[in-house]
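Asks: Have a look at this one before I ask anything.
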Amino acid sequence: MAYLMHKTMIKRTCRQLAFTTCALLLTAGVAQAQSLDVTNARLSLLPGNTPGAGYFELHNTGDEGVTLVGAESPAFESVEMHISSEHNGMAHMHAFESLDIGPDERIEFAPKGQHLMFMRRVAPLNEGDEVEVVLTFSDEQRLPVTFNVVSPASL
């Protein structure tokens, strides 16, 4: 009987320790994510199943730099970071892997510049819908952001 009570206490202690550890880890992640502020998140979609473009402003309010390394959304098969540029009168667009954001730096993802490309919609979307996107960072931070679906004409 004493053995069973001892075994039960050990299991309860392990569960409490695991819960406390998870709570601390989640709290640490939230504190880090709070140093990043996203505003004006919008997703421009053309008719049909053409790719969409995501625009937003990202402000690193923290004391340390961060590196944006990607994004994902359950509404699309893939999300890529792209940049548009013009050379010799020709528009070009290419993917990039990461973007450093220094302390108190603001980065704008905007038309004719850096933007997210949303590829292969999973389900139909309409103007006015909201799309959940998670921005990912090199330090494993994950920042959920709600993008509003807008008409390309509104940009």
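The values are calculated or read from the model by the stated rules, or taken from the named source; none is laboratory data. Since the structure is predicted, the reported quantities are computational estimates derived from the model, not experimental observations. FYI the Cβ positions are ideal-geometry reconstructions off the backbone, even for glycines, and counts take in every protein chain you see.
Asks: Does Asp37 count as closer than 13 Å to Val145 by Cα and surrounded by fewer than 17 Cβ atoms within 10 Å (Cβ to Cβ)?
Replies: Here the answer is yes, as Asp37 does meet what is asked.
Asks: Oh, and also: Just one of (1) of a type in the set (Gly, Ala, Ser); (2) farther than 14 Å from Leu45 by Cα; (3) modelled with pLDDT under 95 trips up Ala123, so point out which.
Replies: The failed condition is (2).
Asks: Related question: Checking Val122 against (1) surrounded by 12 or more Cβ atoms within 10 Å (Cβ to Cβ); (2) within 29 Å of Ala91 (Cα to Cα), only one condition comes out false. Which one?
Replies: If we test Val122 against (1) surrounded by 12 or more Cβ atoms within 10 Å (Cβ to Cβ); (2) within 29 Å of Ala91 (Cα to Cα), just (1) comes out false.
Asks: Can you list residue pairs whose Cβ atoms sit under 6 Å apart, with the first residue in segment 72-90 being assigned by TED's automatic domain parsing to the domain that holds Leu135 and the second being outside any strand (DSSP E or B)? Count only pairs 6 or more apart in sequence or on different chains.
Replies: Pairs found: Ala75/Val122; Val79/Ser73; Met81/Phe96; Ile83/Phe96; Ser84/Lys112.
Here is a yes/no grid of residues against (1) under 14 Å from the mean Cα position of the chain (by Cα); (2) in a loop (DSSP other than H, G, I, E, B); (3) not β-branched (Val, Ile, Thr):
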position: Ala91; (1), (2), (3): no, no, yes
position: Leu116; (1), (2), (3): yes, no, yes
position: Met119; (1), (2), (3): no, no, yes
position: Asn126; (1), (2), (3): no, yes, yes
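Asks: Taking segment 35-51 as the search range and keeping residues that are at pLDDT 95 or above, out of contact with any His (no Cβ under 9 Å at 6 or more places or on another chain) and not polar (S, T, N, Q), which one is nearest to Met117 (Cα to Cα)?
Replies: The extreme case among them is Leu43.
Asks: Any idea how many residues of segment 142-155 are modelled with pLDDT under 95 and either outside any loop (DSSP other than H, G, I, E, B) or within 12 Å of the chain's Cα centre (by Cα) (or both)?
Replies: Selection size over segment 142-155: 3.
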